[in-house]
Amino acid sequence: MASKPPSLTVGQALRQATTFLTEQGIDSPRLTAELLLCRALRKERLYLYAHPEAPLPELAWIHYGRWLHERTQGKPLQYITQEQEFYGRPFRVAPGVLIPRPETELLIELALQNGPTQLLDIGTGSGILAITLSLEWNIETYATDLSGPALAIAQANAKTLGARVHFVQSDLAAAFADARFGGIVTNPPYVPSVDQPTLQREVRDWEPPEALFSGPDGLDHYRRLEPVCRRLLRPGGWLLGEFGQGQSEALQTLFSGWSAATIHPDLAQIPRVLSARHRYL
Ligand code: GLN
């Protein structure tokens, strides 16, 4: 990018940035350029197509240039725009929380099949699971996270979206007493720490490690979660938990004392969510 503010039009700014991002090896260069320009102009995407001849105001040009640079440094687009859609709703995200992934919507689909119940989300991050289910079911839900900054973001999301969620700062669910929930959802850290060097730089260098890694095999959190969920669920209550590649068998063994432990594949056919029911005594 040039160092002095040129008199660029919207269309020129888009073309130049697309070329720049392509040269820098960034995925989806045109879309990235469009989304960053929308943010800089505070306009919808349609505006870019309706007004390619509009001049780019200087302030927008300054923001746009900085964000394009940040993106080429590996900063995820969602941390720059501070937003990611999940299950049709916009969620605010920042470097203190994991960016919601589309495959996590599977967990929502499965929860919705079970129907409304007293619900707890363990390790809520930006709040997507507790907030989405609160809104879909029009009920109050409960959510924990160990991270204060994550809870602040989750709380802001609940407020903006009008969801009734009780957030509690807690290591897993240490703050809760026994057997009160009918359902638990969780997307805990599950990436094997040994995989760290192979992750995309957007994930490895920018997303919170405490939301990603869980010991050498990625299952440290699940080993702690199994007894915690058993304690917190009413008999017959259900658990839905997201996990990663190669963890199905270990999880089925870990949850062999539960009934109906089932593995659900995501849209890419990768085993992704464990469902299980707390046995009646
Ligand atoms: N799905 C995420 C990834 O592969 C990990 C999310 C998690 O650990 N809960 O980067």
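Of note:
- Among the residues of region 137-148, just one is touching a residue at least 60 places away in the same chain (Cβ under 8 Å) and buried (at least 18 other Cβ atoms within 10 Å of the Cβ), namely Ser147.
- Any hit, region 91-106, residues being over 30 Å from Ala260 (Cβ atoms), away from the ligand (no atom under 16 Å from the Cβ) and not polar (S, T, N, Q): yes
- Subset of region 49-72 that is touching a helix residue (DSSP H, G or I) at 6+ places or on another chain (Cβ under 6 Å) and of a type in the set (A, V, I, L, M) - its residue that is nearest to Thr19 (Cα to Cα): Leu68
- One residue from Leu107, Leu119 being more than 16 Å from Gln155 (Cα to Cα), crowded, with 18+ Cβ neighbours inside 10 Å, in contact (Cβ under 8 Å) with a residue 60 or more places away in the chain and out of contact with any Phe, Trp or Tyr (no Cβ under 7 Å at 6 or more places or on another chain): Leu107
- Matching residues, region 251-281, being over 24 Å from the mean Cα position of the chain (by Cα) and in a helix (DSSP H, G or I): Gln252, Thr253, Leu254
- Set Thr144, Thr186, Thr160: member being closer than 24 Å to Gly246 by Cα and under 18 Å from the mean Cα position of the chain (by Cα): Thr186
- Checklist (1) of a type outside the set (A, V, I, L, M, F, W, C); (2) assigned to a helix (DSSP H, G or I); (3) over 30 Å from Thr18 (Cα atoms) applied to Thr117, failing item: (2)
Yes/no matrix, rows are residues, columns are (1) out of contact with any Ser or Thr (no Cβ under 7 Å at 6 or more places or on another chain); (2) within 30 Å of Thr72 (Cα to Cα):
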| site | (1), (2) |
| --- | --- |
| Ile184 | yes, no |
| Asp195 | yes, yes |
| Asp217 | yes, no |
| Glu242 | no, no |
| Ser248 | yes, no |
| Thr253 | yes, no |
| His264 | no, no |
| Ala268 | yes, yes |
| Ser275 | no, no |
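- Some residue of region 126-136 being touching a Gly at 6+ places or on another chain (Cβ under 6 Å) and surrounded by fewer than 18 Cβ atoms within 10 Å (Cβ to Cβ): no
- Condition met for Ala174 (at positive phi, among the hydrophobic types (A, V, I, L, M, F, W, C) and surrounded by fewer than 16 Cβ atoms within 10 Å (Cβ to Cβ)): no
- Qualifying residue in region 83-99 (condition: under 22 Å from Ala13 (Cβ atoms) and free of Cβ contacts under 8 Å to residues at least 24 places away in the same chain): yes
- Restricting attention to region 166-205, the residues that are outside any helix (DSSP H, G or I), within 16 Å of the ligand (Cβ to nearest atom) and touching a residue at least 24 places away in the same chain (Cβ under 8 Å) total 10.
- Selection count where residues are buried (at least 18 other Cβ atoms within 10 Å of the Cβ), outside any helix (DSSP H, G or I) and either among the polar types (S, T, N, Q) or within 14 Å of the ligand (Cβ to nearest atom) (or both), scope region 209-237: 5
- Restricting attention to region 243-260, the residues that are under 16 Å from Gln113 (Cβ atoms) and either surrounded by 15 or more Cβ atoms within 10 Å (Cβ to Cβ) or acidic (Asp, Glu) (or both) add up to 0.
- The condition of being on the phi < 0 side of the Ramachandran plot, within 16 Å of the ligand (Cβ to nearest atom) and either in contact (Cβ under 8 Å) with a residue 24 or more places away in the chain or surrounded by fewer than 19 Cβ atoms within 10 Å (Cβ to Cβ) (or both) does not hold for Pro55.
Readers should treat all values here as calculations from the given coordinates under stated rules, not as data from a laboratory. None of these values were measured; they are calculated from a predicted model. Methodologically, a virtual Cβ is constructed for each residue, glycine included, from the backbone with ideal geometry; neighbour enumeration extends over all protein chains shown.
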